[in-house]
Amino acid sequence: TIIGHGRLSSQSHSPIDDETPPPTMDLLQGYNSSSCDDDDNGGPSSAPLQQPTPLPPTLRRPPPGALNAAPRPSVPVAVLRSKGVLLGTNGGMTAMALTNNNNNDPSSSSSLHTAIQGPALLCDPNDKTTSFVRSIDPKTGSTAKMEANAAVDEYMFSRNRNAFQRGSGGSSAAGSGEVALAPGETVREIVRNDYGYDRRFPPPDTSAEDAKQSSLVRKRLLGDIGDDDNNNNTKQSRKQRRKQTNTSERSLVHNSDDELTFGIWAPPSTTERLLQQDSLTALESGVELDPRIAKERAYLAERDRQRGLLQEGDNEKEKFDRMVERKMAHLLPPRMEGENPQAVEATTTFHGGELVDYRGRSWMEPPSGVKGVDLYDMDDHACYVPKKCVARFSGHKKGVHRIRLFPRTGHLLLSCGLDGECKVWSVEQKKVMRTYCGHTAAVRDVQFNNDGSRFVSASFDRYLRVWDTESGEVVGTYTNRRVPYVVKFYPNDDNIFVVGCSDNKIVAYDSTTGEITQEYDHHLAPVNTITFVEDNGTKMVTSSDDKKVLVWEWDIGVPIKYISDPTMHSMPVITMHPSEKYLLAQSLDNRIVVYQAGDRYALQRKKKFEGHNVAGYACDIACSPDGRFVCCGDSDGKLFFWDFKKTKMLQKFKAHDKGPSIGAVWHPVDPSVVFTCGWDGVIKMWE
């Protein structure tokens, strides 16, 4: 097929004489753009085209470059021939039947043929279908003969693009009945600013009532857009035609309920409403599910219920716990699950012979002849350094972490172990009297109240429990969802105790109501120790892993003094000297340092105790009741004794195996009795 920039003519301009049969096409050799033959002859010839004949030898063919430069048609030749456009081929030459667009006035000189260019005009101009539809085989519907890499006519591409943008309405040349079609579609109405139009409004049925209903719905949603049929049937004024033309040619058609009408407070547009409807799932929109899908969902719900995976909403407390402990979660026990977790049921076992003796006294009563000694009474009796181990207390399944003596008399010994149990031992009988089981994890600390009738236990399961010492009943269970590290009763009120927690706070509880009465929040790391100082416990000293020591006024949430120095190490244990003038702190640089316990809280640089190895362990410090001696364990299981005045080491024992000697207490009545505990699960009595 030869395609050029000329037009077909019934007369030839070739120099061939009259005997030669007239050729039907001369597009490259004899074309003259200034020719006025059409005007002389009265317009293009309307005679039917004849079959092409071979060119004579004297007529040269166009050079191969001209043929390669012309764009190749993308429409299959078979399809064109089936439509009657191609009349035949002979030697690579093809005759095309082209007619004038103005069929009513063939003699009009103002109607000129459009330049033949590419595959756009290889068809009947009166055919309103697109080239894609014309390229489909009318018999089989196959598109196999379409050319994959066909050249595209720029003119027709821009025309189709304008038709897609402007829609089918309007009277302009670009929108006169020609619209862009998607692959596989033959008829489609493209309307701007309409989401899912074809999906929501399928082609109307043949019945007139359905067609009328569809037209009413289209009018309600889109207004005048796409209502060309009614507009064409009624005569319009010039103003109406101008308005319709402007509407079809502008770049964007707005809905009737758009911002142009209502301003920025416009109601949701049609497109927004349709998008909102599409965002709903089939189940949310009220569509009944298939029975098989409903059965499968019921099975999955029952499976999740049986596995315990069904949760109602997000747990805000668990999220907050995760946020608070994000930096040290790998060092802490598992977090609590649920909004209101419940502690395990507490049990107790009495191991003594009788709860009361023949005189009706409780098993907790001190032996006859034992008198109590005040906490910081230095003048009651003189103390001495013990020489050997005289008793062993075994009963814990794992290591023992803390031991406390009964206030004033010391006839009972309270211990807490890594097995989650607390035990009360008789010092005189050297056996366990009662076991308290109420924690699922190791117990970190225990503390008697002022008269010994109750004690509180702090465990790694994040619970604190107040126990009745005599009966073993749980008086109260408390938690703030944090790990308690240290616990102390307030000296002036047995109903209040303070707890140092893993969230860097010190919390005061009222055991009668279970509420938190005060929070002390100025540490930057978990709190390790709490010590009450001065008369009647009006102040307390706390230490933390942030290597700071803070002094607080009771019930005031702001510290009154900071003790911090670049050379300081963390101090996990602080003990008050019996004279109430000094504080002994276990520093993790393998020293015991001394601070003045008064207004200044100054470091006593010349008074320090060395020789033991405690790096990484919170080993307890014990002072003799007369204040002359200091004892402490270390990480190797040894027990050390120093002279407080001279800071000289006096004695050293191998106390425990398989771990540190973590706890030590000095008996308040017996002058040379010391108790130690270690992670080997044994409590030893030294005298």
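The values are calculated or read from the model by the stated rules, or taken from the named source; none is laboratory data. Note that the structure is predicted; figures quoted are calculated from it, not measured. With ideal geometry, Cβ positions are generated from the backbone for all residues, glycine too; neighbour counts draw on all protein chains shown. Note: areas computed on protein heavy atoms with side chains; ligands, DNA, RNA excluded. Shrake-Rupley method; radii C 1.70, N 1.55, O 1.52, S 1.80 Å.
Round to the nearest 0.05 the FRET efficiency obtained for ASP546 and THR349 when R0 = 30 Å and r is the Cβ-Cβ distance. Step by step, r from the Cβ atoms, then E = 0.15. Between ASP278 and GLN342, full extension at 0.36 nm per residue minus the direct alpha carbon distance yields a gain of 18.5 nm.
Simple spin-label estimate for LYS646 and SER285 gives 9.5 nm between the two label positions (7 Å along the Cα-to-Cβ direction from each Cα). For GLN447, nonlocal amide neighbours, meaning residues 5 or more places apart or on other chains whose placed amide H falls under 5 Å from its own, are VAL456.
Each of ALA343, MET433, VAL373 was scored by the projection of its Cα onto the charge dipole of the range 340-436, and the greatest displacement toward the positive side belongs to MET433; charges sit on the C-beta of Lys, Arg, Asp and Glu.
Close amide-amide hydrogen proximity is noted between GLY476 and VAL466, each under 5 Å apart and 5 or more residues distant or on a separate chain (H modeled in the peptide plane; Pro and chain starts excluded).
With a Förster radius of 60 Å applied to the beta-carbon distance between ASN613 and ARG241, the computed FRET efficiency rounds to 0.05. Across the range 651-667, the residues whose backbone nitrogen lies under 16 Å from the label position 7 Å along the beta-carbon direction of TYR384 are 651, 667.
Positive end of the dipole of the range 506-583 (Cβ unit charges, origin at the Cα centre): among SER511, MET576, ILE530, the Cα lying farthest that way belongs to MET576.
Full extension from ARG600 to GLN429: what is 0.36 nm times the residue separation minus their Cα-Cα distance, to one decimal in nm? Kindly include the intermediate steps, with their values, before the conclusion.
Working: separation 171, 0.36 × 171 = 61.56 nm, distance 4.55 nm.
Length gained between ARG600 and GLN429: 57.0 nm.
When ARG322, ARG292 are compared by accessible area at a 1.4 angstrom probe, the order from most to least is ARG292, ARG322. For the pair LEU300 and GLU534, label points projected 7 Å from Cα toward Cβ lie 6.5 nm apart.
Derived scalar couplings between HN and Hα for the range 667-675 equal 5, x, 10, 5, x, 10, 9, 10, 10 Hz in order, rounded to whole Hz, by the Karplus curve 6.51 cos²θ - 1.76 cosθ + 1.60 (θ = phi - 60°), x for Gly and Pro.
Given Cβ point charges of +1 (Lys, Arg) and -1 (Asp, Glu) and nothing else, what value in debye, to the nearest 20, does the dipole of the range 565-687 about its Cα centre take? Let's see the in-between values first.
Working: 16 positive and 14 negative charges, 101 e Å.
Computed about the Cα centre, the dipole is about 480 debye.
Ordering TRP552, LEU588, MET540 by Cα displacement along the dipole of the range 470-612 toward the positive end leaves LEU588 in first place; charges were set at the Cβ atoms of Lys, Arg (+1) and Asp, Glu (-1). Backbone geometry of the range 522-528 corresponds, through the Karplus equation with coefficients 6.51, -1.76 and 1.60 at θ = phi - 60°, to 3J(HN,Hα) couplings of 9, 7, 10, 8, x, 7, 9 Hz, x marking Gly and Pro. The charge dipole of the range 286-429, taken about the Cα centre with unit charges on the Cβ atoms of Lys, Arg (+1) and Asp, Glu (-1), comes to about 700 debye, rounded to the nearest 20.
When you count, for each residue, the other Cβ atoms within 10 Å and take the mean per peptide, how do 439-447, 377-385 rank with the highest first?
Values: 439-447: 20.6, 377-385: 14.6.
Order by mean packing, descending: 439-447, 377-385.
Here the 3J(HN,Hα) profile of the range 451-456, calculated from phi with Karplus coefficients 6.51, -1.76 and 1.60 at θ = phi - 60°, is 10, x, 6, 9, 8, 10 Hz, Gly and Pro shown as x. Rolling a 1.4 Å probe across the protein heavy atoms gives the range 440-531 an accessible surface of 31 Å² per residue. Extending 7 Å from the Cα toward the beta-carbon at both ASP494 and ALA441 defines two label points whose distance is 3.0 nm. For the range 441-561, the Cβ-based charge dipole about the Cα centre amounts to some 540 debye (Lys, Arg positive; Asp, Glu negative; other atoms uncharged).
Taking all protein chains together and rolling a 1.4 Å probe, LEU524 ends up with roughly 130 Å² accessible. For GLN429, no residue 5 or more places off, or on another chain, has a built amide H under 5 Å of its own.
Protein-only accessible surface at a 1.4 angstrom probe places the residues SER285, SER457 in the order SER285, SER457, largest first. Between ASP589 and ARG359, the FRET efficiency from the beta-carbon distance, with R0 = 51 Å, is close to 0.45.
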